[in-house]
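Trainee: Got a structure for you, questions after.
The values are calculated or read from the model by the stated rules, or taken from the named source; none is laboratory data. Nothing here was measured: the structure is a model prediction, and the numbers come from that model. Don't worry about glycine lacking a Cβ; one is built from the backbone with ideal geometry, like all the others, and counts go over all protein chains shown.
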Amino acid sequence: MTTKERLFGLLDENRGRFISGEEIASSLLVSRAAVWKGIQSLRRDGYEIEAVRNKGYMMPERTDILSASGVLKYLEDITGRYGLFIDVQKSVTSTNTVLKEKAQQGGTEGCVLIAANQTAGKGRVGRSFYSPENTGVYLSLLLRPEAYDAVRASRFTTMAAVAACKAVEELTDDRALIKWVNDVYLHDRKIAGILTEASIDLESGYIEYAVLGIGFNVYEPVNGFPDEIRNRAGSILKTQGRDAKNKLAAAFIRYFMACYHDDQSAQDYIHEYRERSFVVGHEIEVIEGEKRTPAYALSVDDECRLIVRYANGMTEALSAGEVSICI
């Protein structure tokens, strides 16, 4: 660990309490000058570090800034088991795009890229994903499953939806729900979206790697959401929570990896995905490009496909696509 990382850890462990520069230097076995440089570096990263003469330095109780060490402290018991490597950046183009490049260069399973801002966030079917600075958590996870074809790999999205719901509920007292196939809702507002991208070996038909991406709206932007999503977008929290972003990222990783690696969890999530669906039992429209076809959502099957019935009485199992609920 660098001096800066160790300094962050010490301040984080003592949130709300001043620590003298001398005490910090002694604890970290560095000079007072190194402590001062570390404090300035943390401030440039966005951390609010208070400094008072004759008292020292303090990180306020309700600080909520993403950091690799901040996420890892909630994952200490599983990082080795799952081979996790956490990288946190202030801003990237798209966490999925950057991690796909890493995958193509031989990156290993368990690499996680988290950003506080995306300048070119990606949504489904070529859409952009609104990713403003400091209000969300934008996370991508590299997977290299063995003997997974595209159909089996499509479950990553539904596993992630359940994991996201559980992670959100660790921060709130409210139940999160799923809009088939990849959107997470809280209080009738979308607070997370998921995009899974994969590379397939054409000879074997199996997945070479998959990049699972998810974006969470933790807080509402200062000026509100853009007009085009204002009526459907929402946030997980209304006021700043202590370390909420690091807790959310860690909880999502923990729940997803448990489901991905454990056969029993992988079976249980299907039932939970079905129970959390708020599309079933409603009149919907099945969207294919510009075409919208009225239908009724009957159920979600064991493959997490949406079973719909059209006006002519025909039924279909949708494994991918987009639907809207008729109001």
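Table: residues versus (1) in a loop (DSSP other than H, G, I, E, B); (2) surrounded by fewer than 17 Cβ atoms within 10 Å (Cβ to Cβ); (3) not polar (S, T, N, Q).
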| position | (1), (2), (3) |
| --- | --- |
| Asp227 | yes, yes, yes |
| Asn231 | yes, yes, no |
| Ser235 | yes, no, no |
| Asn246 | no, no, no |
| Cys259 | no, no, yes |
| Tyr273 | no, no, yes |
| Cys304 | yes, no, yes |
| Ala317 | no, yes, yes |
| Ala320 | yes, yes, yes |
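Trainee: Collect the residues in the stretch 277-302 that are surrounded by 13 or more Cβ atoms within 10 Å (Cβ to Cβ) and either hydroxyl-bearing (Ser, Thr, Tyr) or not in a strand (DSSP E or B) (or both), keeping them in residue-number order.
Mentor: Correct list: Ser277, Phe278, Val279, Val280, His282, Thr293, Tyr296, Ser299, Asp301.
Trainee: Run down Ala120, Ala167 and say which single residue is within 14 Å of the chain's Cα centre (by Cα) and either among the hydrophobic types (A, V, I, L, M, F, W, C) or in a strand (DSSP E or B) (or both).
Mentor: None of the other options fit; the residue is Ala167.
Trainee: Same structure again: Name the pairs: first residue in the stretch 105-131 and more than 20 Å from Asp227 (Cβ to Cβ), second residue charged (D, E, K, R) and in a strand (DSSP E or B), Cβ to Cβ under 6 Å, at least 6 apart or on different chains?
Mentor: Pairs found: Leu113/Asp87.
Trainee: Every residue in the stretch 173-182 that is modelled with pLDDT of 95 or more and under 16 Å from the mean Cα position of the chain (by Cα), please.
Mentor: Those that are modelled with pLDDT of 95 or more and under 16 Å from the mean Cα position of the chain (by Cα): Ala176, Leu177, Ile178.
Trainee: Same structure, new question: In the stretch 305-316, is there at least one residue being outside the structural domain of Phe129 (by TED's automatic domain parsing) and under 30 Å from Tyr82 (Cα atoms)?
Mentor: Yes, there is a match, as at least one residue in the stretch 305-316 is outside the structural domain of Phe129 (by TED's automatic domain parsing) and under 30 Å from Tyr82 (Cα atoms).
Trainee: Same structure, new question: For the stretch 1-33, how many residues meet the condition of being of a type outside the set (Ser, Thr, Tyr), assigned to a helix (DSSP H, G or I) and closer than 24 Å to Leu72 by Cα?
Mentor: 13
Trainee: Taking the stretch 96-118 as the region of interest, how many residues are over 17 Å from Val218 (Cα atoms) and either touching a Phe, Trp or Tyr at 6+ places or on another chain (Cβ under 6 Å) or surrounded by fewer than 17 Cβ atoms within 10 Å (Cβ to Cβ) (or both)?
Mentor: Residues flagged as over 17 Å from Val218 (Cα atoms) and either touching a Phe, Trp or Tyr at 6+ places or on another chain (Cβ under 6 Å) or surrounded by fewer than 17 Cβ atoms within 10 Å (Cβ to Cβ) (or both) within the stretch 96-118 amount to 8.
Trainee: Just give me the residues in the stretch 47-78 being surrounded by fewer than 15 Cβ atoms within 10 Å (Cβ to Cβ) and either within 27 Å of Cys111 (Cα to Cα) or basic (Lys, Arg) (or both), in sequence order.
Mentor: Correct list: Arg53, Lys55, Arg62, Glu76, Asp77.
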